[in-house]
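Since every read-out is calculated from the coordinates, none of them should be taken as a lab result. It should be emphasised that the depicted structure is a prediction, and the values quoted were computed from it without experimental measurement. Don't worry about glycine lacking a Cβ; one is built from the backbone with ideal geometry, like all the others, and counts go over all protein chains shown.
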Amino acid sequence: MRTMPAVLIVEDEPAIAELIAVNLRHNGFRPVWAMDSASAQRELDAALPDLILLDWMLPGESGLVLAKRWRSAARTQAIPLIMLTARGDEADRVAGLDAGADDYIAKPFSTKELLARVRAVLRRRTPEQAGEAITIGGLVLDPGTYRVSFEDRLLKLGPTEFKLLHYLMTHAERVHSRAQLLDKVWGDHVYIEERTVDVHVKRLREALAQAGAMVETVRGAGYRLTAQPIQTAAAAEKTGA
Ligand code: CA
């Protein structure tokens, strides 16, 4: 069962916040409203949302300052973020995107456009929230049906290998250390040795067969899933960590 994605709305104008919240609620999202930077920070400290809609012009700290801060903090840096603003010119748009916003919506906006952008950003940043299959170089993972296939052949994966592959595919081409994978795949409240990651990566490669080479060992750094493997899985096993 998929839970409703939580959207934190940081907006000081109650009428606009209410309009957004009503539309999000009617479309399967769970809106949370914060009217200034301090309450937004409190909401983030309490629970991480799936997406943040951040107004630029806020009393106290501006949305731009908040965007920069949240992007530089490890806990909040991966949360998809859309900036809302009355400012529509090029320089501001660039400043917003430079601060780490995934998208930008100029006021006044239609609620249809807002919803379309929210869905698009969620799809891009967290395909599991959109419930859609992820495809990378012939490898397809469907979080809805828990199926993985390579070039149309179904593969059998254990639950941990599935979770690991899911994480690697939604964060493809980036190198992840064993500690990062433990944190993201196993959760940070569990104590597991880093070697455990290696064991599951080995199992994952075996389960993926020909596609196993897509899970690359990056010597001294960790693992990455890539659409264009430069070495075979067997060679990766030999080079080790
Ligand atoms: Ca405002």
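Amide hydrogen proximity for residue 174: with H placed 1.01 Å from N in the peptide plane, the residues at 5 or more positions away or on another chain lying under 5 Å are 225.
When the Kirkwood radius is taken over all Cα pairs of the stretch 176-230, what Stokes-Einstein diffusion coefficient follows at 20 °C and 1.002 mPa s, in µm²/s? Spell out each step's value before the answer.
Numbers: Rh = 11.7 Å.
Taking Rh from Cα pairs, D becomes 184 µm²/s.
Semi-axes of the equivalent ellipsoid of the stretch 134-239 are 20, 17, 12 Å, computed as sqrt(5λ) over the eigenvalues of the C-alpha gyration tensor in descending order. What is the sum of charges around residue 24, taking Lys and Arg as +1, Asp and Glu as -1, for the other residues whose C-beta is under 14 Å from the C-beta of residue 24? Local charge sum for residue 24: +1. The amide H of residue 218, built 1.01 Å from its N in the peptide plane, has 223, 224 as neighbours under 5 Å, considering only residues 5 or more places off or on other chains.
Listed by chain and number, the aspartates and glutamates placed with their C-alpha closer than 16 angstrom to that of residue 68 are 36, 55, 92, 98, 102, 103; residues fewer than eight positions away on the same chain are left out. What the phi angles of the stretch 65-75 give under the Karplus curve with 6.51, -1.76 and 1.60, with θ = phi - 60°, is a coupling list of 4, 5, 4, 4, 5, 5, 6, 8, 8, 4, 5 Hz, glycine and proline written as x.
Computed over the Cα atoms of the stretch 139-182, the ratio of the radius of gyration to the Kirkwood radius (Rg/Rh) comes to 0.99. A Förster radius of 22 Å combined with the Cβ-Cβ distance from residue 78 to residue 227 puts the calculated FRET efficiency at roughly 0.55. Taking the longest Cα principal axis of the chain as reference, the axis of helix 37-46 is set at about 30 degrees. The calculated Kirkwood hydrodynamic radius for the stretch 30-129 is 13.7 Å, given to one decimal from all distinct C-alpha pairs. Of 4, 83, 214, 35, the sequence from fewest to most neighbouring Cβ atoms within 10 angstrom is 4, 35, 214, 83. What angle do you read, to the nearest 10 degrees and between 0 and 90, between the alpha-carbon axis of helix 111-125 and the longest principal axis of the chain? Helix 111-125 and the main axis of the chain meet at about 30 degrees.
Can you tell me, using C-alpha contacts under 8 Å and at least 6 residues apart, the relative contact order of the chain as a whole percent? Provide the component values of the computation, followed by the final result.
Numbers: 363 pairs, mean separation 26.8, N = 241.
After rounding, I find 11 percent.
Out of all Cα-Cα pairs in the stretch 1-71, roughly what percent, to the nearest whole number, are more than 15 Å apart? Distances greater than 15 Å cover 50 percent of the Cα pairs. The distance from the alpha carbon centre of the stretch 114-183 to that of the stretch 20-99 is 25 Å, rounded to a whole number.
By count of other Cβ within 10 Å, fewest leading, how are 115, 64 ordered?
On the way: 115 17, 64 22.
In increasing order of surrounding Cβ atoms, one gets 115, 64.
For residue 32, the amide hydrogen comes within under 5 Å of the amide hydrogens of 7, 8, 9, counting only partners 5 or more places away or on other chains and with H modelled in the peptide plane.
Kindly put 33, 70, 56 in sequence by how many other C-beta atoms sit within 10 Å of each C-beta, fewest to most. Kindly include the intermediate steps, with their values, before the conclusion.
Values: 33 18, 70 21, 56 24.
Lowest to highest Cβ neighbour count: 33, 70, 56.
Calculate, in nm to one decimal, what residue 19 and residue 113 gain on full extension: separation in residues at 0.36 nm each, minus their alpha carbon distance.
Numbers: separation 94, 0.36 × 94 = 33.84 nm, distance 1.32 nm.
Additional length available on full extension: 32.5 nm.
Spin-label model, residue 86/residue 152: points 7 Å from Cα along the beta carbon direction are separated by 5.7 nm.
Here the chain carries DSSP beta bridges of which approximately 45% are antiparallel, counting only pairs with both residues inside. Taking Cα atoms only, the orientation of helix 159-170 departs from the longest principal axis of the chain by about 60 degrees. In terms of Cα atoms, the Rg and Dmax of the chain work out to 20.1, 61 Å.
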